[in-house]
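Everything below concerns the one structure shown next.
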């Protein structure tokens, strides 16, 4: 899926700053809490997932869209055995300055379906000359969601402290990340740290750190990194045995099998 950083900075293929993930086949998916300066548009093509935005859980279903505003902390989970297909676009907040895109919201509208086809049509996104068309479709989709559809506005409220903690965890993911160390860095008690991460991610801080490490390992495997031992230590796992165990618990497959699948999809 690309980078799973707590604080993401995207590289865009054109001056219009659009970044697309055409399709995620979600099963046993854990996409840990993160945030970015950009907006994110998500379309549930099939099935359903759980999304936590600013500490509140939502469950968009087939045909629904989610617009996640700049700076809002969010995570995505697909339960074991439940297969979903998701389409995601991440785009610069400079693209849509209209007030309809000032907050996150979730909803549905039958008029959005043709707009989604424009937004995620691969051949359209390949050329920068078509980015204006995509931009217009994004704005129209946001408008229909907020003013002409059945939508729920999502409260803002991810604190600066929470975002900085997530950023710190990501920065030092390959090192010792004890709870006491993180609490000391931010001059807060461990109990407050537990509450902040639980609210933002829906996970305990221990679960969150493991999820981030597995997520980072997925990236390395997808990019063709060969050495499992090196990946394990670069992602902060104390041993290859722990790496294999935690990876399979979260993804349903071993790191080696995941790598084989990635190679097959790339070659195919």
Margin query: Pull out all pairs, ordered by first then second residue, where Cβ-Cβ is under 6 Å, the residues are six or more apart or on different chains, the first lies in region 154-168 and is more than 9 Å from residue 71 (Cβ to Cβ), and the second is in a loop (DSSP other than H, G, I, E, B) and at pLDDT below 75.
Written below: 166/6; 167/6
Check: Out of all the residues in region 251-265, is one or more assigned to a helix (DSSP H, G or I), touching a residue at least 40 places away in the same chain (Cβ under 8 Å), out of contact with any helix residue (DSSP H, G or I) (no Cβ under 7 Å at 6 or more places or on another chain) and buried (at least 17 other Cβ atoms within 10 Å of the Cβ)?
Finding: no
Checklist line | Residue count, region 235-249 (criterion: crowded, with 21+ Cβ neighbours inside 10 Å and either touching a strand residue (DSSP E or B) at 6+ places or on another chain (Cβ under 6 Å) or outside any loop (DSSP other than H, G, I, E, B) (or both)) | finding: 2
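The values are calculated or read from the model by the stated rules, or taken from the named source; none is laboratory data. Source: prediction; values computed, not measured. Using ideal geometry, Cβ is built from the backbone for each residue, glycine included, and neighbour counts are taken over all protein chains shown.
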